[in-house]
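Asks: One structure, as structure tokens, below. Some questions next.
Every read-out reported here was derived from the displayed coordinates using simple, explicitly stated rules and does not represent laboratory data. What you see is a predicted model, and the numbers here were worked out from it, not measured in a lab. Glycine gets a Cβ as well: all are built from the backbone with ideal geometry, and neighbour counts include every protein chain shown.
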Amino acid sequence: MNINLWLKGSALSAIALALALVAPTEIGESSAEAAETATASAQQDRQDRRAERRGERRQNRQRARQNNRGNQQQARRANRQNRQEARRGNRDNRQEARRPARANREQARPARQVDRRDLRQVNRANRGDAQRANRANRRDTRQVNRTNRRDMRFEQSRERAGNRNVERRTERRVERRNNGLDRRVERRGNRVENRVDRRGNRLENRSERRGERRANRRGDRFDQRARQINRRVDRAQNRRSDRRVDRVRRDGFRDGVRAERRRDARRDNRRYRNNRNAYRNGYRQARRDHRRWNRGWRDNRRYGWRSYRRSHRNIFRLGRYYAPYRSHRYSRLSIGFYLDSLFFQPRFFINDPYSYRLPAVYGPYRWVRYYDDVVLVDIYTGEVVDVIHDFFW
């Protein structure tokens, strides 16, 4: 088809040229225009043919490229499949090759373990036998050496003495030595037994002491906690009472309670005078009465203050204790301790001891409150004669 078009175009162009040359001059302009149109059409035909050829070439190239791409993709897929099949085959072959080795290892492991255990047991038995044999040999050699030494000594003594008396003496000495050795062995055994018994007793005593200490510590901790709780309760109660007293005072100032205060002051002065006279009388009686305090009152059932406190707890709640010193803190007192005179002022005295089921005092002794404890104090020396810890709540 392209060749036919090309031939047609060339023929038309030749005819146009011939007409242009042969045509007369009158028709020159029209022929020239026709020639121009013919040349223009011929050029367009050529351009169209070139464009068609280029399009055909591009199409052929694209088809070739597509065919090449398809062939390359197919080849790659085939290569991938072949590689995957080869890998799978290699894996299967490796697994098949490893299975007998694993089976052999698993079969060989218990045998190896058994062999190792047997070897260890045999080595232990051999070691034990060797150690026992060495010990027995050492004992035999020691005994042989001892017997040889004894025989040598005995022969030497016989050679030196040469008489029956000497032999008898040597025999007696041997018997004495043997008896002495037996006695020494018995003494050593008794000493060892005594030491073992002592150690056992010490350990038992230590364990008992530790248990007692732990129990005492626990009891002290419980007591401390109870004291803290009681102190907190007392503080709260004292604060409430102080607030109430403040309120009463404020109200009393408004209502004219100054007269009552004056009456109370007069009463306090009278009491102070009476207490001073009682103090003088007590001092005189103390000079006459030099008896020491008898601590056997605890065995008397009349003074069972613990059972009495269980049934009368409110009596043993006296409120907060205000120490004479601001910076003073509680310290656990014991018998023989000396107190400052400010700690056994009349305001700390327990004037009616039997109301708390305490024995009556005599001479220079007075029951005094010290925080939650009750202390019996010699008011002339300040010595603590008797103490009851945690008496009040």
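Asks: Which Cα, out of A108, N93, A78, lies furthest along the positive dipole direction of the range 68-120 (beta carbon charges, K/R +1, D/E -1)?
Replies: Result: A78, furthest along the dipole toward the positive end.
Asks: A further question on this structure: Arrange the peptides 347-353, 92-98, 375-381 so that the one whose residues have, on average, the most other Cβ atoms within 10 Å appears first.
Replies: With the highest mean Cβ count within 10 Å placed first, the list reads 375-381, 347-353, 92-98.
Asks: Here is a further query. What is the calculated FRET efficiency for E383 to N351, with r their C-beta to C-beta distance and R₀ = 22 Å, to the nearest 0.05?
Replies: Efficiency at R0 = 22 Å is approximately 0.60.
Asks: What ranking do 38-47, 63-72 get when scored by the average of other Cβ atoms within 10 Å per residue, highest first?
Replies: Going from most to least packed, we get 38-47, 63-72.
Asks: With charges only on Cβ, +1 for K and R and -1 for D and E, what is the dipole size of the range 73-197 about its Cα centre, in debye, rounded to 20?
Replies: So the dipole magnitude of the range 73-197 works out to roughly 720 debye.
Asks: Q228 to E167: extension gain in nm, 0.36 nm per residue of separation minus the Cα-Cα distance?
Replies: Taking 0.36 nm per residue and subtracting the Cα distance, the gain is 13.1 nm.
Asks: Let me ask you something else. Between R209 and R309, what's the calculated FRET efficiency when r is the beta-carbon distance and R0 is 35 Å? Round to 0.05.
Replies: The calculated FRET efficiency here is 0.70.
Asks: Among 361-368, 301-308, how do they line up by average Cβ neighbours within 10 Å per residue, starting with the highest?
Replies: My ranking of the peptides, most packed first, is 361-368, 301-308.
Asks: Let me know the shape class of the range 312-382, please: from the alpha-carbon gyration tensor, a ≥ b ≥ c as square roots of the eigenvalues, rounded when a/c is under 1.5, otherwise prolate if a/b is greater than b/c, or oblate.
Replies: In terms of gyration-tensor shape, oblate.
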